[in-house]
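Report on one structure; see the data block that follows.
The values are calculated or read from the model by the stated rules, or taken from the named source; none is laboratory data. Please read these numbers as outputs of a predicted model, since none were measured by experiment. Backbone-built Cβ (ideal geometry, glycine too); neighbour counts: all protein chains shown. Just so you know, the surface numbers come from the protein's heavy atoms only, side chains and all, with ligands and any DNA or RNA stripped out. Shrake-Rupley method; radii C 1.70, N 1.55, O 1.52, S 1.80 Å.
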Amino acid sequence: MKIKLELFGSSKDFSDKNHLELEVQEKASVDDLRNEIINYLNKNFKGNETFIKIVKSSAFCSENNEIISDNYKITKDQKIGIIPPIG
């Protein structure tokens with residue numbers, strides 16, 4: 001499935017666009033998506049530790065602007081936002 005990951009705050013440094021497009025397996029969880037983002041960062045930013053810490057500590061929100069947990073199942077192509085901690 002295709003996920004359009006909307007980037008907010010410090011995660012905007014992950015791309016020159018305001019989003020990333022990632023592929024995840026059917027019925028993947030947000031935790032699986034988090035791992036896909038880390039794989040992307042390892043490949044494109046040589047494992048930038050700061051970026052990886054941002055992903056590990058971020059919250060995610062659905063296309064309905066609701067915070068979703070790590071065990072939330074992704075069942076269709078959709079937009080998901082990554083919301084890094086502030087401060």
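Structure summary
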| read-out | value |
| --- | --- |
| Residue within segment 77-87 that is open to solvent by 70 Å² or more (accessible area, probe 1.4 Å) and polar (S, T, N, Q) present | no |
| Long-range neighbours under 8 Å by Cβ, at least six apart or interchain, first residue in contact (Cβ under 8 Å) with a residue 12 or more places away in the chain and surrounded by fewer than 18 Cβ atoms within 10 Å (Cβ to Cβ) within segment 1-25, second of a type in the set (A, V, I, L, M, F, W, C) and in a loop (DSSP other than H, G, I, E, B) | MET1/VAL24; GLY9/ILE86; GLU23/MET1; GLN25/MET1 |
| Extreme residue, nearest to ILE3 (Cα to Cα), among residues of segment 34-71 that are touching a strand residue (DSSP E or B) at 6+ places or on another chain (Cβ under 6 Å), open to solvent by less than 60 Å² (accessible area, probe 1.4 Å) and not in a strand (DSSP E or B) | SER62 |
| Within segment 1-33, tally of residues that are assigned to a strand (DSSP E or B) and acidic (Asp, Glu) | 3 |
| Unmet criterion (only one of (1) in contact with a Phe, Trp or Tyr (Cβ under 7 Å, 6 or more places away or on another chain); (2) among the β-branched types (Val, Ile, Thr); (3) over 17 Å from LYS27 (Cβ atoms)) for ILE52 | (1) |
